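Working notes for the structure below.
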Amino acid sequence: METDVKNLSIVFPDEGLTTGCDVSDLGNGLYRLVEHPIMAESAMYGDTILAELESQEQIRFKKVAEKSSYKMLDYVLPKELIESQEFLELKNNLTKRNIFWQQDFGGCFMCFLTQDEESEIRNEIERKIT
């Protein structure tokens, strides 16, 4: 049973990366990633990971215990586009459709889609950015 979401630092030792990420503690060293750990390649939004608790604020990634079925689309976009009304409408549309998206460092935009959504949403995003 999932508990409250908390923000933890996750150490990805094979990547030489430590990044903050919201997770749900599932118990027994299992954590569901409820946002994407930015810059990580070993795990992504929706994955359930096995990790060792190092402190109340930090865990050490061991492996993905259950891979999410989501497909990630990620883009690095210029400030003018990411702040435009048209792109704001796109993000609002994704939210209304219960599609998780994340924007980091200003122009790093990513969204996580089911296989059925991927083609349509990819086309919609690419129409806006070209």
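The values are calculated or read from the model by the stated rules, or taken from the named source; none is laboratory data. None of the values given here were measured: they were computed from a predicted structure. Reconstructed Cβ throughout: ideal geometry from the backbone, glycine too, with neighbour counts over all protein chains shown.
Brief remarks follow.
- The set of residues in the stretch 1-48 being among the aromatic types (Phe, Trp, Tyr), in a strand (DSSP E or B) and closer than 21 Å to Asp74 by Cα consists of Phe12 alone.
- Those residues of the stretch 89-99 which are exposed (fewer than 14 other Cβ atoms within 10 Å of the Cβ) and either closer than 28 Å to Arg32 by Cα or at pLDDT 95 or above (or both), in sequence order: Asn92, Asn93, Thr95, Lys96, Arg97, Asn98
- Exactly one residue out of Glu86, Glu80, Glu57 is within 19 Å of Thr18 (Cα to Cα) and either charged (D, E, K, R) or not assigned by TED's automatic domain parsing to the domain that holds Leu33 (or both), and it is Glu57.
- Matching residues in the stretch 49-83 - criterion: being in contact with a Lys or Arg (Cβ under 8 Å, 6 or more places away or on another chain), part of a strand (DSSP E or B) and surrounded by 14 or more Cβ atoms within 10 Å (Cβ to Cβ): Ile49, Leu50, Ala51, Leu73
- Matching entry among Met72, Met39 (being within 19 Å of Glu117 (Cβ to Cβ) and among the hydrophobic types (A, V, I, L, M, F, W, C)): Met72
- Residue match in the stretch 29-36 (condition: under 23 Å from Glu120 (Cα atoms), in contact (Cβ under 8 Å) with a residue 60 or more places away in the chain and surrounded by 16 or more Cβ atoms within 10 Å (Cβ to Cβ)): yes
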